[in-house]
Amino acid sequence: MLGLVNTPNGRAPVELRDLPEPRPLPNEALVEVRAFSLNRGELRSFQSNEEGWVPGQDVAGIVLRQAEDRTGPPTGSRVVALTDEFGWAQRVAVPGHRMAVLPDHVSFSQAATLPVAGLTALRTLRLGAPLLGKRVLVTGAAGGVGTIAVCLASYMGAHVTAVVGRPEREKGLRNIGAAEVIEGIDRVQGRFALILESAGGASLARAIQLVEAKGTVIVYGNSSGDPTMISFADFRPAQNARIQSFHYFTSEAEERFAPDLALLASLIADGSLKPRIGVERSWRDIAHVAEQLRERRVSGKAVLLVDAD
Ligand SMILES: NC(=O)c1ccc[n+]([C@@H]2O[C@H](COP(=O)([O-])OP(=O)(O)OC[C@H]3O[C@@H](n4cnc5c(N)ncnc54)[C@H](OP(=O)(O)O)[C@@H]3O)[C@@H](O)[C@H]2O)c1
C-alpha cells in the first residue's frame with residue numbers, strides 16, 4: 001500500500017512511498033483511509049521525528065476488518081477514528097475504542113476534521129461548562145480548533161468573541177456563531193468566563209488581563225512559540241481565576257474517545273456543527289497544503305483525500 005513517509009531532510013516534508021500492510025492487534029480494526037486532516041502540531045512533528053516515520057492522527061474511512069476482540073464498529077462501517085500515528089496511509093490499524101460510526105450524511109472530509117481539532121474544541125469548552133449566557137473568548141478563531149470551538153461554544157449558549165490575526169480571516173465566523181470578531185486580542189474589551197488560548201506569548205499575557213474573577217484561561221497551544229511572563233499581581237482584578245493547561249489526548253479517559261467522536265459526528269449530521277474546510281486536496285498535494293497551513297492561509301481545517309488502490 002501507499003503511505004506518506006516523513007522525510008526531514010528531503011525536498012518535501014513527506015513523500016509518498018510503498019509501505020508494508022498494517023498488522024492489527026486483536027483490539028484493532030483495519031481501516032481503509034479515505035480522508036485525513038492536517039494539524040498545526042503535525043507540521044512541527046515532521047522535524048522532530050525520524051526519516052521513515054508515518055504521521056497521521058485524524059482518519060475517516062471504512063472498516064475493512066473489525067477488531068478481533070469485537071470492540072468498535074463492524075466491518076463495512078463508515079467511521080471517524082483517532083490514531084496515534086500511521087494514519088496518512090491507504091490502510092491503518094485503529095483501536096476499536098477510538099472510532100465512531102458516521103451518520104449517513106456526514107462526509108469523510110467533514111469527519112476527518114473531528115479527531116484532534118474537534119475533541120480539543122469540545123473538551124476545552126467542557127472545562128467552562130455550563131456555558132449558557134457566559135462570555136467566551138477564542139484566540140486563533142480562524143484556525144482548525146478555533147472554528148470548531150466558535151461553533152460549539154455558540155451551540156452551548158455562550159456569547160462568543162472570536163480573535164483573528166487579519167481582516168480577511170474574519171470571513172464566515174459570524175455565520176458559525178461568533179457574536180463578535182475582533183482583529184487582534186489587544187482590541188478586545190470586557191472580561192470573559194472562559195478563554196481558549198493557543199497563540200501564546202503576548203496573546204496569553206493579554207488573555208490573563210481579560211479573564212474574569214473565578215474564570216478560566218485554557219492554555220492548549222503556543223503557535224507563536226513565544227514565552228509569556230506572568231505575575232501573581234496579574235490576578236488582582238480577577239481574583240481566583242485560573243490558568244489550566246490542556247492536552248486533548250490525556251484530558252479524559254481512553255474510553256471517552258468513541259462517545260465524543262460520535263457526539264461530534266452527530267452534531268454535524270443535525271446541522272449544529274459546521275466544520276469549515278478551508279482546503280481540500282489530494283494527499284499528493286500535501287507539501288503545498290502544509291505550506292499554506294504554516295503560513296496561516298487555511299481558514300478552518302485542511303483535509304487531504306486519499307487515493308484508492
Ligand atoms: N493541547 C492540545 O491538545 C492541542 C490540540 C490541538 C491543537 N493544539 C495546538 O493549538 C494550536 C491551534 O491548533 P490548530 O490546529 O487550530 O492550528 P491552526 O489551524 O493553524 O490555527 C491556528 C490559528 O492561530 C492563529 N495564530 C495566532 N498567532 C499565531 C502564530 N504566531 N502562528 C501561527 N498561528 C497563529 C492563526 O490565526 P490568524 O492567522 O487569524 O492569526 C491560526 O488560525 C496549535 O499550536 C496546535 O499545536 C493543541
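Just so you know, all these numbers are worked out from the coordinates, no wet-lab data involved. Computed from a predicted structure; not experimentally measured. A quick note on method: Cβ atoms are made from the backbone with ideal geometry, for glycine too, and the neighbour counts reach across all protein chains shown.
Axis angle, to the nearest 10 degrees, between helix 257-269 and the longest C-alpha principal axis of the chain: 80 degrees.
Once the GluC sites (Glu not before Pro) in DSSP loops with at most 16 neighbouring Cβ atoms within 10 Å are cut out of the chain, the longest remaining piece is 86-251. Each part reduced to its alpha carbon centroid, region 192-215 and region 92-109 end up 34 Å apart. Within the same chain, lysines fewer than 8 places from residue 274 are excluded, and of the rest, those with a Cα less than 17 Å from its Cα are 171, 301.
Calculated translational diffusion coefficient of region 1-138 (4 °C, 1.567 mPa s; Stokes-Einstein with Kirkwood radius over alpha-carbon pairs) equals 81 µm²/s.
Rounded to the nearest 500, the 222 nm mean residue ellipticity of the chain from helices alone is -6000 deg cm²/dmol, with -39,500 (n - 2.57) taken per DSSP H run of at least 4 residues.
Cα centroid separation, region 144-162 to region 1-22: 36 Å.
Return one number: the angle in degrees, 0 to 90 and rounded to the nearest 10, between the long axis of the Cα atoms of helix 144-155 and the longest principal axis of the Cα atoms of the chain. Its long axis makes an angle of about 60 degrees. Based on Cα atoms of the chain, Rg over Rh with Rh as the Kirkwood radius reads 0.98. Loop-resident trypsin sites (Lys or Arg not before Pro) (DSSP state other than H, G, I, E or B) in region 107-183 with no more than 11 further Cβ atoms inside 10 Å of their Cβ are absent.
Length available on full extension from residue 240 to residue 47: 0.36 nm per residue minus the Cα-Cα distance, which gives 65.6 nm.
Taking amide H as placed 1.01 Å from N in the peptide plane, residue 199 has its amide H under 5 Å from the amide H of 223, each at least 5 places away in sequence or on another chain. Among beta bridges identified by DSSP and lying wholly in the chain, the antiparallel ones come to about 55 percent.
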